[in-house]
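Please read the structure below before turning to the comments.
The values are calculated or read from the model by the stated rules, or taken from the named source; none is laboratory data. On a predicted model such as this, the values are computed, not experimentally measured, just so you know. Don't worry about glycine lacking a Cβ; one is built from the backbone with ideal geometry, like all the others, and counts go over all protein chains shown. When the accessible area is computed, the model is the full protein with side chains, heavy atoms only, and any ligands, DNA or RNA have been set aside. Shrake-Rupley method; radii C 1.70, N 1.55, O 1.52, S 1.80 Å.
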Amino acid sequence: MGQTLTEKILDDHLVEGELTPGEEIGIEIDQVLTQDTTGTLVWLQFEALGLEEVQTELAAQYCDHQTYQFDFKNTDDHRFLRSAAGTFGAHFSRPGNGICHNVHKENFAEPGKTMLGSDSHTPTPGGLGELAIGSGGLDVAVAMGGGAYYIEMPEVVNVRLEGELPEWATAKDVILELLRRLSVKGGVGKVLEYTGPGVETLTVPERTTITNMGTELGATSSIFPTDENTKDYLSRLDREDVYEELQPDDDAEYSDEIVVDLSEIEPLIAEPSMPDNVVPVGEVAGTDVEQVIIGSCTNGAYEDILPGAKMLEGRNTDKKTEMIVAPGSKQASEMLARQGWTAEMMAAGVNFSEATCGACIGIGHVPASDSVSLRTFNRNFEGRSGIEDDNVYLCSPEVATAAAIKGEIVDPRDLADELGDLEAPGLEMPDEYTGNSESDLIAPDEAVDDDLIKGPNIGDVPLKDPLEGEVGGEALLKMEDNITTDHIIPATQDILMYRSNVPKLSEFTLSRVDDTFAERALESDGGVLVAGENYGQGSSREHAALCPMYLGIESVLAQSFARIHKANLFNFGIVPLEIDEDTYDKIEQGDDVDIVDDVAEAVRSGQEEFTIRVNDDWEASASLDASEREREILAAGGKLPHTKKQHEEG
Ligand code: SF4
């Protein structure tokens, strides 16, 4: 039987397991990427592992999420990241040089390689045939140390593209159409592999817009085959030498097939406040718009900004609509400036931001209360823009620019009819990509530091001892269903600035549920948490397991766990036990909860059922669902001590 492109790349990198969907596989990682909000912990963990040099073919550290400096903490983090990249052998992209996915795509993405990144939109270079996956920072640190990355073998779905996009329809509309059809859960546990005659009608920048937003479908990754368009794009970047032709076998078998006829795609828009709330633009036409932003890792490339610039040539933005361009990379900014487009847009009323994530995570350009903002970003979750009562719509640069001209949402085809002289800009690539200052992207052999520089806000990563003796203690907090990682460690700027300072950050643990928790946990010297269903849903934030570990939490007893958070609990040596509804109802906050069994021995031996004794009064059972590898990690006190031990043993 033939192989899909995904299977071919995984097969080439397989170090453990078989390519059967649902089975755990270990793969070798060629490239890694980290950004500033997750990167400090990655390098502190790399250091704690006792590693001295990056082992992957390539590692890149970007500073893109929090480039504005409120006080010394972000600046110190950036300096630490530069010093870590220099000391351990990674490329360093300075603050302002651009968003990790854009800069990586332009400089490092390679067909056929595997990449792991501590950011959820890591799959972006799938548009160039690289198989890229987002993960927690500890997995990135381990991969940089030469360790395999373990994942459940995903299903591979064939997204067959037919036809060609009509005027005014864009790659953004293709991925919005998939979100409309499949929802934000439609890609979970899957790699979306694009095939069919429509592929060759899309340029690489269009393909990467689609692979970038595969994340919004919940997909593990998204990937396109490579062809003349890939080669052409790489040659314009002066990187043709990394081109490799990659196609699935003709008789490859996919778990499912979705057909998209590109010729039927029309301008679409995601209404507030979910990326899958998608309707044709015409359905919401006439809605007043106060703010328009073109940018982000989805639509912040040169090719994404140019259509807006062309549409605005000789025109003005509406007087009550502010339009901002936030380029995805400084290279894009520089090219637009050199070609005169920046001046052209400024004359039309556009403001320019530095190349950063910024507004995408509510840092800068927060919309006015109860106003409408149209953005070319990938997410419009409630409150993400920086205010709770936001109304953020997601759309293509063409739809965004049309709204900026008209002052209200309008189908650009209707605006073109109305104005008479507005032509569809289409997608145009530059003959060559120029710019990219050597000072902004520092290669390992040009590093300016060879020692770590830690400011006062940067601490060490705490390590846990191997599991032994009694496990349990006071039930320090009893929580409801659906506790999110945001409840455990809030992601607001005033709290996240302590991301490199675990003792300080831990003071905020579960403060949204009970602001006395952290203090009580430290005083009690250990204890357990009790929760209802779906504990730890939300992001892959490792701090949500690391901080409870630092506070001495030994076990979480929940009715069920969110998948990624459960993996993080294993990674930080906290025993995740499942309890039934009766047990959950019966346990009270403040009860004394002991796990009766010799937990270390039971975890190692594969025991699934455990007995818990509450207040020395009654008993119930709790279960541990874990793979052999997860049990080893748990028994060692977490992934960090486990990997460290493996390295020490050679
Ligand atoms: Fe994440 Fe937004 Fe930055 Fe993209 S632009 S990496 S989605 S914060």
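Annotations
- Considering the stretch 482-512, and only residues there that are touching a strand residue (DSSP E or B) at 6+ places or on another chain (Cβ under 8 Å) and not hydrophobic (A, V, I, L, M, F, W, C), the residue that is surrounded by the most Cβ atoms within 10 Å (Cβ to Cβ) turns out to be Thr485.
- Any hit, the stretch 419-440, residues being touching a strand residue (DSSP E or B) at 6+ places or on another chain (Cβ under 6 Å) and either among the aliphatic types (A, V, I, L, M) or surrounded by 18 or more Cβ atoms within 10 Å (Cβ to Cβ) (or both): yes
- Selection status of Ala562, under 29 Å from Lys644 (Cα atoms), surrounded by fewer than 24 Cβ atoms within 10 Å (Cβ to Cβ), at pLDDT 95 or above and of a type in the set (A, V, I, L, M, F, W, C): no
- Residue match in the stretch 438-446 (condition: more than 16 Å from Leu165 (Cβ to Cβ), modelled with pLDDT of 95 or more, of a type in the set (Gly, Ala, Ser) and not assigned by TED's automatic domain parsing to the domain that holds Ser83): yes
- Given (1) touching a strand residue (DSSP E or B) at 6+ places or on another chain (Cβ under 7 Å); (2) under 30 Å from Ala343 (Cα atoms); (3) within 16 Å of the ligand (Cβ to nearest atom), number of the condition Asn299 does not satisfy: (1)
- Residue within the stretch 640-649 that is modelled with pLDDT of 95 or more and among the aliphatic types (A, V, I, L, M) present: no
- Only listed residue being of a type outside the set (D, E, K, R) and on the phi < 0 side of the Ramachandran plot, chosen from Gly129, Gly96, Gly117: Gly117
- Entirely in the stretch 236-281, the strands (runs of 3 or more DSSP E) that have 3 or more residues that are open to solvent by 40 Å² or more (accessible area, probe 1.4 Å): 256-261
- Helices (runs of 4 or more DSSP H) within the stretch 446-522 that include 3 or more residues more than 30 Å from Gly86 (Cα to Cα): 485-488
- Unmet criterion (only one of (1) open to solvent by 30 Å² or more (accessible area, probe 1.4 Å); (2) in contact with a strand residue (DSSP E or B) (Cβ under 9 Å, 6 or more places away or on another chain)) for Ser183: (2)
Conditions tested, residue by residue: (1) within 33 Å of the chain's Cα centre (by Cα); (2) open to solvent by less than 30 Å² (accessible area, probe 1.4 Å).
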{"position": "Met549", "(1), (2)": "yes, yes"}
{"position": "Ile579", "(1), (2)": "yes, yes"}
{"position": "Asp594", "(1), (2)": "no, no"}
{"position": "Asp616", "(1), (2)": "no, no"}
{"position": "Asp625", "(1), (2)": "yes, no"}
{"position": "Arg629", "(1), (2)": "yes, no"}
{"position": "Ala635", "(1), (2)": "yes, yes"}
{"position": "Glu648", "(1), (2)": "yes, no"}
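- Evaluated against (1) open to solvent by 70 Å² or more (accessible area, probe 1.4 Å); (2) closer than 23 Å to Phe517 by Cβ; (3) at pLDDT below 95; (4) not β-branched (Val, Ile, Thr), Asn568 falls short on exactly one condition, (1).
- Top-ranked residue in the stretch 200-231 [being assigned to a helix (DSSP H, G or I) and without any contact (Cβ under 8 Å) to a residue 60 or more places away in the chain; ranked as nearest to the ligand (Cβ to nearest atom)]: Leu217
- The stretch 468-516, subset small (Gly, Ala, Ser) and in contact with an Asp or Glu (Cβ under 9 Å, 6 or more places away or on another chain), residue nearest to Ala531 (Cα to Cα): Ala475
- Evaluating Thr124 against the criteria (1) at pLDDT 95 or above; (2) of a type in the set (S, T, N, Q); (3) out of contact with any helix residue (DSSP H, G or I) (no Cβ under 6 Å at 6 or more places or on another chain) leaves one unmet condition, (3).
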